[in-house]
């Protein structure tokens, strides 16, 4: 459960993975909907948090058979609300869902960079093959001749 005073989420031990996933996302949604003004009310954000947990579960392919969105619609009397109130409700769900999704993808997303060896990787020295025309002694003497032909400074 989200504790706004300490900005902390407490999760009960012993739940299944799916239940823990849903519970954590619901509490993360409550935290995302907290404006930190001291006016947080769990009752005001409970329905939005429930819907945001559903959206996140659908996004990541987690079982959502336990969700009952009709109950939320009946409980909040969504049929009697004006369009602006419904837009505000959906905006809260969207904002909380984006917040959770960004948090998940930032922490558990794809690796930012993968290690790939390239031609400049440090490792065993690479032997340069000799050409057929030159002999090893000619290579060395060619370098010496080139060095001697340059004037000293």
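Quick look at the values:
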| quantity | calculated |
| --- | --- |
| Odd one out for residue 58, checked against (1) part of a helix (DSSP H, G or I); (2) at pLDDT below 85; (3) surrounded by 10 or more Cβ atoms within 10 Å (Cβ to Cβ) | (2) |
| Unique match (being surrounded by 10 or more Cβ atoms within 10 Å (Cβ to Cβ), touching a residue at least 24 places away in the same chain (Cβ under 8 Å) and in contact with a strand residue (DSSP E or B) (Cβ under 6 Å, 6 or more places away or on another chain)) among 49, 31, 53 | 31 |
| Tabulated pairs, the range 88-117, first modelled with pLDDT of 90 or more, second surrounded by fewer than 15 Cβ atoms within 10 Å (Cβ to Cβ) and in a loop (DSSP other than H, G, I, E, B), C-beta under 8 angstrom, 6+ apart or interchain | 89/81 |
| Qualifying position, being farther than 19 Å from residue 29 by Cα, at pLDDT 65 or above and in a loop (DSSP other than H, G, I, E, B), among 128, 122 | 122 |
| Single residue of the range 11-28 satisfying the filter (exposed (fewer than 12 other Cβ atoms within 10 Å of the Cβ) and in contact with a helix residue (DSSP H, G or I) (Cβ under 8 Å, 6 or more places away or on another chain)) that is nearest to residue 98 (Cα to Cα) | 11 |
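The values are calculated or read from the model by the stated rules, or taken from the named source; none is laboratory data. Values in this document were obtained by computation on a predicted structure and should not be read as measured data. Here Cβ is always computed from backbone atoms with ideal geometry, including for glycine, and neighbour counts include all displayed protein chains.
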